[in-house]
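Here is the structure we will look at, set down as structure tokens.
Only the coordinates and a few stated rules stand behind these numbers; no lab work does. None of these values were measured; they are calculated from a predicted model. Note that we place each Cβ from the backbone using ideal geometry, even for glycine, and neighbour counts take in every protein chain shown.
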Amino acid sequence: MTETAPDVRPRRRGVFLLPNVLTTGTLFSGFYSIVAAIDGNFDRAAIAIFGAMLFDGLDGRVARWTHTETIFGKEYDSLSDMVAFGLAPAIVVYQWGVARLAEYNATWGRVGWLVTFFYAVTAALRLARFNARSASVDKRYFEGLPSPAAAAVPAAFIWCAHKYQLGGLNGLVTAFVVTGLAAALMVSRFYYSSFKGVKATGRVRFTYAILIPLTFVVIAVEPPIVLLALFGGFALSAPCAWAWRRLRRRPTAGARHG
């Protein structure tokens, strides 16, 4: 009687469908934002970036909830983020009007081009730093402004500028400053809350439960202005908190001479 060899079949390699479909939604939203900006549809371009934020917020959570986290998914998510939150905002700002700075002065045109490229570079550096340090950092905080929040600031500003027809040199320079500031904060050493300590299934006060739908109502009334205020405030929260701590630590005149 001969023994039969065990049936050893090669393990099939594949990817999990649901989280990667959501990640593809992030990539598609970023791609659509770029196309819409090239076509001059800046309100749609900005909305697409916020749509990418929604997909980006869901894919990781779905992967954790369904225990389908993979290295492939992590890398795919990072590449999609670079398109949606690195390239798309830079191109939207450039297409909206930074390129027209050359009409006022050739030097302004070059600076505007460099600022939008600087934004794309800092987004790539921010994502690379996050990937390199993700295993050793405190999960409650982000070092530097997260790329989705950074992308929301120029996107909301361009949405406002397009809707309310803000133009001229002042509007163009403001777009340049907003984009450059968001870029600098991405590679800064400021720490931002990740909100990962907030549990969706945990208990909250009844007041907080009321504030959540109220926030959506306020956003629906005037989306570009409210979103700019929300994400702009979040972007400035860390440097303002740092400055406040420095001022509190500084000794008073009486303490120095007492």
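Look at the alpha carbon pairs under 8 Å that are at least 6 residues apart: their mean separation over the length of segment 17-249 gives a relative contact order of 21 percent.
With the convex hull drawn over the C-alpha atoms of segment 54-170, the volume per residue is 115 Å³. Each label was represented as a point 7 Å from its Cα along the Cα-to-Cβ direction; for residue 71 and residue 133 these points are 2.3 nm apart. When Rg and Dmax are taken over the Cα atoms of segment 17-249, they come to 18.0, 57 Å.
Placing +1 on each Lys and Arg Cβ and -1 on each Asp and Glu Cβ, with no other charges, gives segment 17-249 a dipole about its Cα centre of roughly 1100 debye.
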